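The values are calculated or read from the model by the stated rules, or taken from the named source; none is laboratory data. Because the structure is predicted, anything quoted here is derived from the model rather than measured. Here Cβ is always computed from backbone atoms with ideal geometry, including for glycine, and neighbour counts include all displayed protein chains. Just the protein is used for accessible areas: all its heavy atoms, side chains included, with ligands, DNA and RNA removed. Shrake-Rupley method; radii C 1.70, N 1.55, O 1.52, S 1.80 Å.
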Amino acid sequence: MRNVWWSLAVSGAFLSACSSLTGQTAGSLVLTENGVGRATIVLARDASTAARYGAAELQWHVKRISGATLPIVSDDAAVTGPRILIGESAATRASGFSTADFKSQEYMVCFLPGTLVLMGRDAATGDAGVSTNPTSVEGRFGKAYQFDGVRQLAVLPDCKLNDEVGSLEAWVWLPAATQERHGTILRLDGADPWTYHIIQRDAGTSVISYTTYDGGKGHGIKSPPVAEGWHHVLGTYDAAANRMELFVDGKSVGTSSYVRTTCSRVGLKIGAVGELGGAAQGNALRGVIDEVRISNVARPGTSVPSAPFENDTDTLHLLHFDEPTGGLVDHALDVSYAPLPGIFEDRGTLDAVYDLLERFCGVRWYAPTDIGVVCPSEATLVVTGHNIRRTPPMLFRWIAGSQLYMPGPPEKVPGRDRHVWMLRMRLGGKRLSINHSFYGYYDRFLKEHPEWFAQGYETAKPPQLCYTDPECLAQVIKDARDYFDGHAAQRGAVGGEDIFGLVPMDNSQWCQCERCQAALDPAEESNPQFNNGRASDYIFDFTNKVAQEIGRTHPGRWIGQLAYSTYAYYPHRVKLEPNISVQLCLHTRNWWCPSMEANDRKVLREWRENDPERPLYLWLYYCFPALNARSGNYRYFPGFFAHQVVRQMKLYHDAKIAGIFIENSSEC
């Protein structure tokens, strides 16, 4: 079952992961009285994205609680009565508070006489990273969005693309210099099955391409190389005619067949594909985009528009990018979208707002969209409590599933609603990805270096690498160094802001050569648990050798490894290097099984007792019983274990766990 009702338990777990406060003198502030607003929200004119959205969230929730709308003013306005200062401003600086004084993810709720301060470290104001919002520059017509080719992207939520017939259209300025990776202009990714529409600049070329994927086969068109400058790009498609076509600057550059996709009601990615707030986006464009129009007809492409796109009866979405606030305005629907902070960027001010709403106002967010918001009804709203200044003890908080459904498939949660719910749950934080890392080696090296792969298997594709082969080890070390030197990750590699993963393929069919077999633990062969220690010394010795070399050349960077399956137990013969981060894979959803609970507790206990200071993260399997039911083709009763989650979260805190990833039912 792909749904989000499991959040009744998970939201409490993650909020527990964020709970530690410093109590000081109690304070209070009257926000509303008898349904009338008494307080004023104050923002800097150049407020961060997190502060602006935090002000909007506070205003919306207070109105829902009391019926009163609190005014939002800039910090140069005269204010009488109680003030709520959101984000850094002249007023907070006058009180001695600056965002530069906050650490990454740190925030504060502070009661002053007649004033409430809500602020923290925000991406736009600190050195934790630049906001992912594109830069407003002069465009083809008025203003446009400039993308840096690394972090920046824009997302139009809930794109009403007609999967049967339509057009995707934009003006784009491309530099002469080519890109190492593809540069996304427009992209939509559907689900059930995964399909897509992509208009992009192809890697290493000046070619513009339009590609669709129908869940089984891709269909694509490529233009001739284009010169530096502005280009009008139009992709059209028609399922009934089995035809798609790409026009560049008023000329058709080719056609292909088209089969219906599943891309309606998903987010339209502009300039990159990824998550807002990422340290680096996928296929990020270096260039400028102006004028985007999505239509429900296959528009003619043999003329180049000489003015901004028109909003006619066939227009589904229309973006001009001329708004000074930086938020998207859809002129076809007359809807404005306040810019959202990224999931993986600093947004301490917004977290301070959510802490206030939850802790002092009784607000809860049990599911995405308004249906999951629970607010008390209080015509008079007074917030009273102690000052808080804190950094969440778990710096990494994430769940699986690019798509959420409610109450179940095929009812998708719109992309913006999903993003807002994740912000409210305080998901994100530190970017981390430790997962199976070497599948790209098959295409890169199998033909020329078969000796780098597991020996003893009569198959075209051996199941693993040979993790004792010295030349293979040298290549892994080179890949890690290249990654930390700022080069794009190789295909199949995974990592994070300061971490590079070395996780084997997802099986336990180890190399049969003498060196590899000698590293395995024969005493563990009879262990019936999925998590055991048969290959722990083998895999962590390999991990250690890479970590030693990276420690010499890139101090402060980390090598990431899972404690998973036959290498879940703490290694006995290997003393781990200090620059290895480990993510323990635990089946805590299945603790109804006593032996599984005992084994998971053993894994957690031994790792922490043997390495008291090592950064440990968790990968928790909440995907059961859904995953079993999917593979077995049967229906199941959803598993609810809210009380167990609370007990488990205390266990994780006691073990000083640095972060959690939950593989949830939306994976299925």
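Selection within the stretch 242-255: residues that are open to solvent by 10 Å² or more (accessible area, probe 1.4 Å) and in contact with an Asp or Glu (Cβ under 8 Å, 6 or more places away or on another chain). The member of this set that is farthest from Val304 (Cα to Cα) is Thr255.
If the condition is being surrounded by 22 or more Cβ atoms within 10 Å (Cβ to Cβ) and either among the β-branched types (Val, Ile, Thr) or touching a Ser or Thr at 6+ places or on another chain (Cβ under 9 Å) (or both), then the stretch 284-308 contributes Ala284, Leu285, Val288, Ile289, Val292, Arg293, Ile294, Ser295, Gly301.
Annotation: of all residues in the stretch 537-588 being open to solvent by 20 Å² or more (accessible area, probe 1.4 Å) and acidic (Asp, Glu), the one that is farthest from Phe641 (Cα to Cα) is Glu549. The set of residues from the stretch 72-94 being in a loop (DSSP other than H, G, I, E, B) and either under 32 Å from the mean Cα position of the chain (by Cα) or surrounded by 14 or more Cβ atoms within 10 Å (Cβ to Cβ) (or both) comprises Asp75, Val79, Pro82, Gly87, Glu88, Ser89. Inside the stretch 333-355, residues that are modelled with pLDDT of 95 or more and surrounded by fewer than 22 Cβ atoms within 10 Å (Cβ to Cβ) make up a count of 0.
Restricting attention to the stretch 606-645 and to residues that are assigned to a helix (DSSP H, G or I) and touching a Cys at 6+ places or on another chain (Cβ under 6 Å), the residue that is farthest from His587 (Cα to Cα) turns out to be Arg630.
When the helices (runs of 4 or more DSSP H) confined to the stretch 429-522 are screened for residues that are free of Cβ contacts under 8 Å to residues at least 12 places away in the same chain, those reaching at least 1 such residues are found at 470-484, 514-519. Go through the stretch 279-318 and give me each residue that's within 19 Å of Leu188 (Cα to Cα), β-branched (Val, Ile, Thr) and in a loop (DSSP other than H, G, I, E, B). Passing the criteria: only Val297. In the condition set (1) surrounded by 16 or more Cβ atoms within 10 Å (Cβ to Cβ); (2) without any contact (Cβ under 8 Å) to a residue 60 or more places away in the chain, Ala154 is compliant with all but (2).
Within the span defined as the stretch 647-658, every residue fails to be crowded, with 16+ Cβ neighbours inside 10 Å, in contact (Cβ under 8 Å) with a residue 12 or more places away in the chain, among the polar types (S, T, N, Q) and farther than 26 Å from Pro571 by Cβ.
Filtering the stretch 328-353 to residues that are over 20 Å from the mean Cα position of the chain (by Cα) and either part of a loop (DSSP other than H, G, I, E, B) or under 15 Å from Gly120 (Cβ atoms) (or both) leaves His331, Ala332, Leu333, Asp334, Ala352, Val353. In the set (1) without any contact (Cβ under 8 Å) to a residue 60 or more places away in the chain; (2) touching a Pro at 6+ places or on another chain (Cβ under 7 Å); (3) assigned to a helix (DSSP H, G or I), Ala547 fails one condition alone, (2). Output the residues belonging to the stretch 589-620 that are open to solvent by less than 40 Å² (accessible area, probe 1.4 Å) and either at pLDDT below 95 or at positive phi (or both). Passing the criteria: Arg589, Asn590, Trp591, Cys593.
Can you tell me how many residues within the stretch 310-324 are open to solvent by less than 60 Å² (accessible area, probe 1.4 Å) and either of a type in the set (Asp, Glu) or under 19 Å from Asp163 (Cβ atoms) (or both)? Matching residues across the stretch 310-324 total 6.
Entry remark, the stretch 523-544: residues being basic (Lys, Arg) and assigned to a helix (DSSP H, G or I) number 0 in total.
Of the strands (runs of 3 or more DSSP E) entirely within the stretch 111-199, those holding at least 2 residues that are modelled with pLDDT under 95 occupy 135-138, 143-148, 154-159, 183-190.
Among the conditions (1) farther than 22 Å from Arg601 by Cβ; (2) in contact with a Lys or Arg (Cβ under 8 Å, 6 or more places away or on another chain); (3) surrounded by fewer than 20 Cβ atoms within 10 Å (Cβ to Cβ), Glu524 misses just one, which is (1). Take the conditions farther than 30 Å from Asp654 by Cβ, hydrophobic (A, V, I, L, M, F, W, C), touching a Cys at 6+ places or on another chain (Cβ under 6 Å) and at pLDDT 95 or above and apply them to Ile65. Does it pass? For Ile65, the condition - farther than 30 Å from Asp654 by Cβ, hydrophobic (A, V, I, L, M, F, W, C), touching a Cys at 6+ places or on another chain (Cβ under 6 Å) and at pLDDT 95 or above - is met.
Scoring Asn628 on the criteria (1) crowded, with 18+ Cβ neighbours inside 10 Å; (2) modelled with pLDDT under 95; (3) not hydrophobic (A, V, I, L, M, F, W, C) leaves a single failure, condition (1).
Where residues in the stretch 368-390 are in contact with a strand residue (DSSP E or B) (Cβ under 9 Å, 6 or more places away or on another chain), open to solvent by 40 Å² or more (accessible area, probe 1.4 Å) and not small (Gly, Ala, Ser), which of them is farthest from Leu116 (Cα to Cα)? Among those that are in contact with a strand residue (DSSP E or B) (Cβ under 9 Å, 6 or more places away or on another chain), open to solvent by 40 Å² or more (accessible area, probe 1.4 Å) and not small (Gly, Ala, Ser), it is Val374. Within the stretch 355-364, does at least one residue satisfy the condition of being in a loop (DSSP other than H, G, I, E, B) and either in contact with an Asp or Glu (Cβ under 7 Å, 6 or more places away or on another chain) or closer than 20 Å to Ile289 by Cβ (or both)? The answer is no, given that none of the residues of the stretch 355-364 is in a loop (DSSP other than H, G, I, E, B) and either in contact with an Asp or Glu (Cβ under 7 Å, 6 or more places away or on another chain) or closer than 20 Å to Ile289 by Cβ (or both).
Of all residues in the stretch 54-64, how many are farther than 22 Å from Ala91 by Cα and either surrounded by fewer than 20 Cβ atoms within 10 Å (Cβ to Cβ) or not hydrophobic (A, V, I, L, M, F, W, C) (or both)? Of the residues in the stretch 54-64, 4 are farther than 22 Å from Ala91 by Cα and either surrounded by fewer than 20 Cβ atoms within 10 Å (Cβ to Cβ) or not hydrophobic (A, V, I, L, M, F, W, C) (or both). Selection of first residues in the stretch 81-92 that are among the basic types (Lys, Arg) and of second residues that are outside any strand (DSSP E or B), restricted to Cβ pairs under 7 Å at least 6 apart or on distinct chains, gives the following pairs, ordered by first then second residue: Arg83/Ala39; Arg83/Gly114.
May I ask you to list the residues in the stretch 646-668 that are of a type outside the set (Ser, Thr, Tyr), assigned to a helix (DSSP H, G or I) and closer than 16 Å to Arg589 by Cβ?
Within the stretch 646-668, Val646, Arg647, Gln648, Met649, Leu651, Glu667 meet the criteria.
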